[in-house]
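Structure first, then comments.
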Amino acid sequence: MQNLAQRRAALGGLSAEPHTPLADLPTPTPEPQSPEASVVTVVAEQLTQWGVEEAFGVSGGAIALLFDAIADSQIQLRHFRHETGAAFAACEAYFAARKPTVVFATTGPGLLNALTGITAAKWEGAKVVLISGHTNSPQRGRWASQETSSYTMPQDALYGQSAMFDYAVRLESASELPEVSRRLACGMQRPGGFVAHICLPMSVQSARVDRRSLKTTGRVAAPAAAPEDITEIASLLQREGFAIWAGFGATEAAPAVRELAERSGAMVICSPRAKGIVPERHPQYLGVSGLGGHEAVNDFMVQKKPRYTLVLGTRLGEATSFWDRDLLPEEAFIHVDVDPTVPGASFPDFPTWGVQAEIGLFLEQLLEHFPERRRSEIGKVLPFDESVGTHTASRTPVRPQMLMQAIQRQIIDRSDAIVLAECGNSFAWCNHYLRFDDPGRYRVSTLFGSMGHTAAGVVGAALAASKKSVAVVGDGSMLMNSEVSTAAQYGADAIWIVLNDAGYGMCRDGHRALGLAGEELDVPAVDFVEWARSMGADGVRVESEDTLDIALQDAMRAEGPFLVDVRIDPNEASPLLKRFDSLIKQGNSKNVAGWER
């Protein structure tokens, strides 16, 4: 194990969240003789220096100069079919390669289309810069084509301080670029995510700027806990029994999380986004909480309730905890996060010791108080093994549980492919049944939870990581936003496994659970194999359980995009039922508060 000083040196004084210190950024391209260049050329050069390798978006007249400058730079320009899909792809490209990405969008509908994916990137903690066009000052208020101005759109939300962006600005002069560059450089170094919006009116894009004016120096230090706090926390945890509740923010500190668990004997719970931080076959691993979670978690917290729970890098929001008071420890949470507003937010009436610190640095300090012990071996049987048997040749349509077992055998256990689960029943089945022994291989958006996130995001992951990336998605999400055509254009090794039940499965289940009608949630059946082939991809249909393994093997052997259309049984109960229990408790049902049918 590295000591704290070594850890800080390795991090360059920054967060253990993946980043690229300025001193280690790629050497800029040698400047031409003239120090002056257009704003868009200099912006592209700056993005390259900050480690950006991929840019995703849709072109338009208001960003033609920017589009051209990115195409001429070292950045890979990826032209998508829809700005929302491009933003989802940029988000997942960041997590696949751990390098900041760019989204470009034109004025009017282009900008608005990108906002759903950009908001998802913000909620997920990605590092993404949105660059958009803007109507020139003389044309504002005159009904310019796709006008973007104070006459047509809310300026504060798009270009000022808002919940949507960590930093947003509209440049009105090339002279503003040095300050914008400085702020972006700081954002790229900061712990956690960073989502920025840089708006460039057409006249500013072509303006000239002196490269020598952009001199960015300095570093951003990661927050660390005070030594006396570490000592007191260690004393509490050593004296009393505790559990660890790990979230996505602890991904880069996964080895230290496991080390603490093994030295202390603490049991570990993971949020849905944190699967794999501790191997899911580890004897001290209890399971996933929240969406698609495991009863073993609740059973432990009720029957063997620890005095303290050490929470590492999770907000403990609805998707992770359902705000279930059975999951509370006896005494208090010790909640560690780089964001000081997170501790205590989900359970404001429960005692919480909030610690603002980068998770890796915090654990390095804490481990100094726990003596080393023999490492535990990975168990052969999961403590929450809920097998439903084996597939049968005559079983049709396919049970989702059997599909999950085949994905485990053919994809997770036999490759290093990234696996992404779409919101809805897809991520409930995946959260519950799939098992990962490594952090970072599994991606799911349980926070913003937009349909189409994974269906389009898998293309960005495959392109950025240059390896197989697999999306488990519902048919509704595929019809909403996919980007199969884009994957075919760039030869992305993206695989879609479509849970095809001719309807919005999660919504149907939810309506039934809440006592509501759901007749309009069925959709006409789609032949996704022919649909994929019409756009240059390939695919195979699965209608019985005995062909699952062969179909997945074909998908993993294929070159380029591939789709597996699985006709699943819509009557199998999803592991998402706890979500509906949560909604009922919040009063969202006709069966409560006098709404009996």
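The values are calculated or read from the model by the stated rules, or taken from the named source; none is laboratory data. All values derive from a computational prediction rather than experimental measurement. With ideal geometry, Cβ positions are generated from the backbone for all residues, glycine too; neighbour counts draw on all protein chains shown. Heads up: the accessible areas ignore ligands, DNA and RNA and are worked out on the full protein's heavy atoms, side chains in. Shrake-Rupley method; radii C 1.70, N 1.55, O 1.52, S 1.80 Å.
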For the full complex of protein chains and a 1.4 angstrom probe, list SER482, SER466 by accessible area with the highest value first. SER466, SER482
Provide the solvent-accessible area of PHE67, counting protein heavy atoms only and rolling a 1.4 Å probe, rounded to the nearest 10 Å². 60
Per residue, how much accessible area does region 226-329 show when a 1.4 Å probe rolls over the protein heavy atoms, in square angstrom? 31
Express the carbon and sulfur contribution to the solvent-accessible surface of region 236-280 as a percent, rounded to the nearest whole number, probe 1.4 angstrom. 44
Order CYS270, CYS423, CYS186, most accessible first, counting only protein heavy atoms with a 1.4 angstrom probe. CYS186, CYS423, CYS270
Report in % the part of the accessible area of region 117-164 that belongs to carbon and sulfur, leaving out ligands and nucleic acids; probe 1.4 Å. 53
When only C-alpha pairs under 8 Å and at least 6 residues apart count, what is the relative contact order of region 86-221, in percent? 26
Positive end of the charge dipole of region 229-382 (Lys, Arg +1 and Asp, Glu -1 on Cβ, about the Cα centre): tell me which of LEU328, LEU236, PHE300 has its Cα farthest that way. PHE300
Using modelled amide H (1.01 Å from N, peptide plane; none on Pro or chain starts), what sits under 5 Å from the amide H of GLY354, excluding residues fewer than 5 places away? HIS335
LYS215 accessible area, nearest 10 Å², 1.4 Å probe? 150
Global size of region 238-385 as Cα Rg and Dmax, reported in angstrom: 13.9, 40
Ignoring ligands, DNA and RNA, what accessible area per residue does region 43-140 give at 1.4 Å, in Å²? 27
Quick one: of LYS275/LYS305; LYS122/LYS467; LYS215/LYS275; LYS275/LYS304; LYS127/LYS305; LYS215/LYS468, which pairs are farther than 32 Å apart, Cα to Cα? LYS215/LYS275; LYS127/LYS305; LYS215/LYS468
